[in-house]
Every structure is written in structure tokens, then in C-alpha cells.
Amino acid sequence: MVNQTCPATGSIPDDDRYQAVQAQLGKPLSESSAVLFEALGDPSWRVRKQAVELVIIARPTLEQLQLLLELLRDDENAGLRSAVAELMIRTGSAAVPLLLTRLHDDDHDLRKQVVDILGQIGGKAVLPGLIEALSDQDINVAASAAEALGTVGYVSSAPVLLQHLEQNRDLFFRYNVLAALAKIGECGPLPPVITELVHHDLLKRPVYACLARIGNDREAVELLLQGVLSSQTGIVQTALIALAQVLKQLEPSEQTAVDIQLQSLLDQGVIEQLSNAFSPGNLLLNEAIITILGKLADPRCADLLLCALLDERLVTQARAALKALGHQAVAAAVTRFAGSSDPAERAVLCSFLGWQGDAGGTATLGTALHDEDSQVRAAAAAAVLRMPDPELHAGLVALLHDPDHVVRDTALNSLRSSDLVSPALIREAAAQLMQEYSPAQRCGAAYLFANLKDAAGLSVLLNDEYPEVREAAARAAGRLGMTEGCSHLITALVDEEPDVRIAAAESLGECGDSSAVQPLKLALSDQDPWVQAAVLRSLVTLAGREVIPQLLACWEQGDEVVQLACLEMAEQFDLPELLQAVSQGLGKREGEVLKGAIYLLSRQNGRLLVPWMQHVICNPDWDVRVAAVRASVVLAEEDRRILLQQALEREDNDLVKEGIRTMLRRE
């Protein structure tokens with residue numbers, strides 16, 4: 001390690017210096033301080049950080065803290081000062097009395113560092129010292145004290161800060177006091193000094209930022225409106241953000257008067273100011289602008305609000321403000337759409353027109369359905385969902401044949417979702433799609449037939465040459481309910497493709513028709529375990545306890561997929577016979593099935609798991625052992641403690657060990 005009196009360390013590698021520091025771990029600080037205190041000023045951040053950690057671990061005495069504090073006087077080693085400051089901050093309240101004694105030190109740089117540290121430590125104990133430091137002869141110390149009081153954040157310090165704000169005319173100091181008051185954020189009548197300083201050009205922005213937190217009356221609004229009308233962009237932006245915040249804090253009794261006050265600015269160019277201040281990407285500023293535009297509710301605001309729709313973070317707020325403009329907002333959107341060369345903007349305008357649902361947007365949406373850009377056509381197809389115009393709905397049908405798949409899917413979803421489209425038009429669309437060459441298009445026909453509850457149309461698609469179409473038809477048939485689709489689904493249970501059979505089995509469970517029970521029982525002999533699992537779920541849904549014999553047989557004879565389905569059914573339904581069978585066969589299960597069975601029994605009937613705990617906690621699979629450890633809550637307290645301690649002694653997996661220790665700590 002480097003000689004304590006010689007800070008030059010360039011000749012010793014960083015790793016060697018780090019190891020020298022690490023070697024002090026566990027030693028009393030009286031023995032290691034020479035090495036560790038020197039390492040606090042090491043050129044390597046890594047070495048300094050480790051030295052801080054070891055000093056903290058060693059719990060320095062008051063005398064040792066005094067020695068450390070003296071290291072802050074080193075003007076040439078910024079890393080050393082930073083490390084000591086971190087150490088003091090982490091020492092916390094124990095270091096406060098010592099730090100307070102240094103607030104009268106002759107070294108103003110030391111006083112400033114002490115103030116900064118006290119601000120980071122926080123707590124009421126630091127308040128007297130920081131308040132006293134507001135009067136320090138060195139302006140940097142006084143300004144840092146103001147900043148620290150803001151960080152500490154006690155409301156009780158606000159009156160003292162205001163007093164010094166009046167007395168100390170240094171701009172830097174006043175800037176920090178205003179920032180501190182903004183952090184403390186105590187609302188109430190505005191102090192006279194605040195209303196005076198708002199006219200100081202160099203302090204306008206910090207005053208406005210302060211008003212955002214402490215202003216909650218018309219006087220604060222009036223001061224901020226002056227800033228909104230400023231010719232300086234930065235001041236305008238700060239004032240707008242603050243004004244929006246103050247508007248939220250107003251008493252209800254003042255809201256109406258302030259709204260009238262805002263309206264009076266319409267002839268003073270306030271909308272132009274808001275437009276010029278709008279800055280794409282500046283969320284806080286733009287939210288404030290939209291808040292104020294919503295208060296103004298002037299048609300001239302429409303363009304700016306429509307522009308805000310391009311930022312998805314502002315859409316909800318901008319739409320609410322546009323809603324207040326009614327037809328005028330729609331007219332502005334129509335005009336803007338006609339003149340826009342930006343597909344993204346046209347798409348957003350389509351979404352707005354659909355959301356607004358105003359007939360004034362009908363023609364524009366009709367045009368958008370034929371736009372050259374697919375993004376716009378898709379947005380229009382989604383927007384039409386809320387429009388009652390039959391011509392627009394006919395345009396949706398045309399988009400079902402669009403070359404872009406996103407447009408096609410959007411049009412299909414709108415037709416499926418809208419209650420405004422006539423059944424005759426949906427039937428026409430379904431008939432067209434059923435004749436399409438593309439299997440994906442014919443899948444769309446299945447969804448439309450389901451909306452129409454047209455079992456005949458679905459029966460045709462259930463015999464399609466493509467399995468994906470048959471699967472879509474089978475799933476759609478489940479939406480028909482009861483006997484309408486049941487017969488077609490029963491036929492699909494013997495389809496050559498497993499995915500179709502799975503879809504048919506699941507849909508039969510959704511139909512709720514008890515006539516499907518017997519065909520489903522026959523389908524349990526299917527060779528595909530995933531089909532068997534789907535059949536089993538639907539059988540239990542339709543017949544409940546009637547199918548317990550089939551459940552028990554599947555638990556005994558099925559493969560892993562089927563057995564997991566059995567566990568799932570036992571979780572959802574009251575089936576004590578199945579729980580008993582799960583317990584009896586626990587010794588024959590492995591992997592996911594065993595793990596699932598452990599969790600099931602621990603939740604449903606722990607008594608059935610108790611005899612198996614010694615067996616499962618010794619399982620070769622670590623994740624099964626984890627499950628067993630968590631399920632050990634089913635045991636009596638003393639039995640659980642003995643089981644877990646024995647398991648811990650032989651366990652070699654860290655995750656399982658940690659689980660066991662956690663359970664033991666709960667004892």
C-alpha cells in the first residue's frame with residue numbers, strides 16, 4: 001500500500017491497492033485507519049468506494065469522525081472530499097452534532113461542505129444549524145444553506161427563508177431561497193416579497209417556479225399571466241407550467257372568476273403565445289398548454305389541440321379539451337385533414353373524428369377509407385366503428401379485400417364489434433369472404449357468421465379444405481350458444497387435425513349444451529393428449545361430478561398434459577374424490593405433475609399431503625423440493641421445523657436452501 005504521507009500511487013496497480021483495502025475487512029478501525037483513510041483519496045473510484053464501505057462497517061468513533069472531517073480541508077483532492085462527504089452522509093444522525101460544530105469554522109469552503117452534508121442527512125436536528133447558516137458571511141455558504149433547507153423540506157423553515165429573502169439581496173442567494181420554497185411547497189397567501197421579486201428580470205423564472213408550488217389564489221394567477229404574455233420564450237414556458245399547476249390548486253369558489261380572467265386574455269394574443277410555446281416532446285409544458293386551452297375553450301385553440309393528438313401521451317387530455325369545442329373541433333379536424341400531407345397526422349385525425357362520433361366527420365372518414373396510405377385506411381376503418389352512416393359501413397366491407405393485412409384485420413374487427421352495422425351488410429361481407437381464395441379471409445367469414453349466429457354458414461366452413469379455416473369456424477361456433485352450433489362442433493371432434501378437434505372441444509364447453517356430454521366422453525379416447533385435456537375441461541364444465549369416473553381414469557392413465565388438466569379441474573371444482581386419488585398416487589408422479597399436485601393439496605386439503613412430505617422434500621428435482629418447502633406449512637409447527645432442518649443439512653441447491661431458511665425464520 002502507498003505510504004500514508006505520500007499520495008502518489010501511480011506505481012502501484014489499481015487491483016493491488018484495492019486488495020490492500022479489502023484486507024482491512026474485519027480489523028478494528030484503530031488498526032486499519034491509516035490504510036483506509038489514505039484510500040479515501042485514491043485516484044481510483046473503485047478503491048475509494050471500497051474504503052468508504054469498510055469505514056462504515058467498522059463504525060467509526062467520534063474521534064475518528066473528527067479526523068475524517070478534517071480531510072474535507074484538502075483543496076486539491078476532489079475525490080477525497082467526495083468520499084468523506086458520502087461517508088458522513090451515510091453515518092447519518094450520529095455525525096450531526098460533530099458537523100454542527102464546524103459551521104463556525106474559519107474555512108468557508110469547509111462550512112459549505114458541512115452545510116451540503118447536513119442537507120443530505122436531513123431530519124429536524126439539522127434545522128437549527130442550517131437556519132443559522134443562512135446568515136453566513138460567505139454568500140456561497142448562505143446559498144447552500146437555503147438549498148439544503150429545501151432538500152430537508154420542513155414547512156417550519158419557510159418563514160425564516162422568506163425573512164432572509166427580504167434581507168439578503170444577493171441574486172444567487174435569492175435564487176436558491178426561491179428554489180427551496182418551491183421544494184417545500186407550502187400553499188397560502190403570497191408573501192409580499194414574492195410579488196415584488198416577480199418584477200425582477202433575472203428572478204422571474206425562479207419566482208414562477210416557486211408560485212407553481214405555493215400559489216393557490218387569483219393573485220398568483222395574475223402574476224403568472226403576466227409571464228404568459230412575456231416576449232421571452234423561456235419565461236413564457238416556465239409561467240405556463242406554473243399556471244397550470246396553480247389552476248389545479250385553486251379553491252372551487254375562485255375557479256369561475258379565474259376562467260373569466262383567462263377569457264379576457266383572448267384579445268391580447270394569448271393563443272398565439274400558447275402556440276409559439278408548444279414544444280413537441282416537452283410533456284410537462286404541453287400538458288400545461290392543453291390545460292389552459294381547455295379553460296379558454298376558443299375555436300382558435302382547435303388547431304393546436306389537434307396537433308397535440310400526435311403525441312399519444314397527450315391524447316386523452318387533448319380530446320377532452322376538443323370535446324368542449326363540439327362541431328367546431330370537428331370542422332377544424334376536417335380542414336386540417338384536407339390540407340395534411342403527413343399520413344401519421346391524417347391517421348390521428350381519423351381516430352379523433354371517430355372518437356367524436358360527429359356526423360360532420362362522415363365525408364372525411366369516407367375519403368380516408370380510400371386514402372393512398374395504409375396507415376390512414378386502417379385508422380379510418382377503426383374510426384368508422386362509432387359512426388352510424390351506412391355508406392361508411394359499406395366502405396368497411398370494401399376494405400376486407402384491401403392489399404394490406406392490417407387494414408383488412410381492422411375492417412373485420414370493426415364489422416365484428418360495431419352494433420351500428422346492419423346484419424344484412426355483415427351477411428354480405430361474410431358471403432364474400434367465404435368465397436375468397438385466402439384462408440385468412442375465410443377465417444374472417446367465420447367470425448362474421450358467429451356474429452350473425454349463422455350456423456349454416458359455419459357448417460360450410462367447418463368442412464373447408466384448410467385446417468386453419470376449420471379451426472376458426474369451430475371456435476366461432478362456440479359463440480352461437482346452446483344447440484345452434486353444437487351439432488357442427490360434435491362433427492368437428494373427429495377432424496383430422498388436432499387443433500381443430502381442440503377448438504371444437506373447447507367451444508362445446510362454452511356452448512353449455514348437455515347433449516355434447518356423451519360425444520365428449522367418446523372423444524376422451526383421442527390419441528392426442530392436448531385434445532384429451534381440452535375434452536376433459538369441457539366435460540367437467542358441462543357435467544360436473546357426473547364425469548368423476550372419467551377424471552379418475554385420466555389421472556391414473558393419462559400422460560403429463562392430461563394429468564395437469566386433472567389438477568386444474570380439481571383446483572376449480574369441488575371434487576374430493578379426485579383430491580384423494582391425487583394423494584394416493586403422489587409417489588408415482590414426477591416433474592410438473594408432482595409439483596402441481598403438491599401445490600394443489602397444500603391449498604385444498606393439506607391433510608392429504610402430510611404423509612408425503614418426507615418423500616417430496618427429498619425429490620431429485622430442485623423445483624419439486626422448492627414446492628415441498630413452501631407446502632410444509634401443512635405440517636404441525638414442530639414437525640415442520642424438524643423436517644426443514646434435516647432437509648437443510650443435506651441440501652446442495654442455493655435456491656432451495658434460501659427457501660428453507662426463509663421458512664425457518666418464520667418459526
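Couple of notes before you dig in:
- Residues satisfying the stated conditions in the range 402-431, i.e. surrounded by fewer than 15 Cβ atoms within 10 Å (Cβ to Cβ) and either closer than 15 Å to D373 by Cβ or of a type outside the set (A, V, I, L, M, F, W, C) (or both): P403, D404, H405, V406, S417, D419, S422, P423, E428
- The residues of the range 499-516 that are crowded, with 16+ Cβ neighbours inside 10 Å and not charged (D, E, K, R), listed by number, are V500, I502, A503, A504, A505, S507, L508, G509, C511, A516.
- Residue in the range 563-570 that is surrounded by fewer than 15 Cβ atoms within 10 Å (Cβ to Cβ), in a helix (DSSP H, G or I) and either in contact with a strand residue (DSSP E or B) (Cβ under 9 Å, 6 or more places away or on another chain) or in contact (Cβ under 8 Å) with a residue 12 or more places away in the chain (or both) present: no
The rows are residues; the columns are (1) surrounded by fewer than 18 Cβ atoms within 10 Å (Cβ to Cβ); (2) in contact with a Cys (Cβ under 6 Å, 6 or more places away or on another chain); (3) under 18 Å from L72 (Cα atoms); (4) of a type in the set (V, I, T).
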residue: L110; (1), (2), (3), (4): no, no, yes, no
residue: Q120; (1), (2), (3), (4): yes, no, yes, no
residue: A125; (1), (2), (3), (4): yes, no, no, no
residue: Q137; (1), (2), (3), (4): yes, no, no, no
residue: A143; (1), (2), (3), (4): no, no, no, no
residue: D170; (1), (2), (3), (4): yes, no, no, no
residue: L181; (1), (2), (3), (4): no, yes, no, no
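- Conditions (1) more than 20 Å from N463 (Cα to Cα); (2) part of a helix (DSSP H, G or I): number failed by Q527: (2)
- The range 358-406, residues that are touching a helix residue (DSSP H, G or I) at 6+ places or on another chain (Cβ under 6 Å) and β-branched (V, I, T): T364, V376, V384, V397, V406
- Which numbered condition D574 misses (of (1) outside any helix (DSSP H, G or I); (2) within 25 Å of E471 (Cα to Cα)): (2)
- When the criteria are applied in full, Q163 meets the requirement of being in a helix (DSSP H, G or I), of a type outside the set (A, V, I, L, M) and farther than 30 Å from L262 by Cα.
- Wholly enclosed helices (runs of 4 or more DSSP H) of the range 581-667 bearing at least 2 residues in contact with an Asp or Glu (Cβ under 7 Å, 6 or more places away or on another chain) and either among the acidic types (D, E) or crowded, with 17+ Cβ neighbours inside 10 Å (or both): 591-604
- Residue match in the range 406-413 (condition: of a type in the set (A, V, I, L, M, F, W, C), closer than 23 Å to V330 by Cα and touching a Lys or Arg at 6+ places or on another chain (Cβ under 6 Å)): no
Every number in this text was worked out from the coordinates using simple rules, so none of it is lab data. Just so you know, these numbers come straight off a predicted model, no measurement behind them. Reconstructed Cβ throughout: ideal geometry from the backbone, glycine too, with neighbour counts over all protein chains shown.
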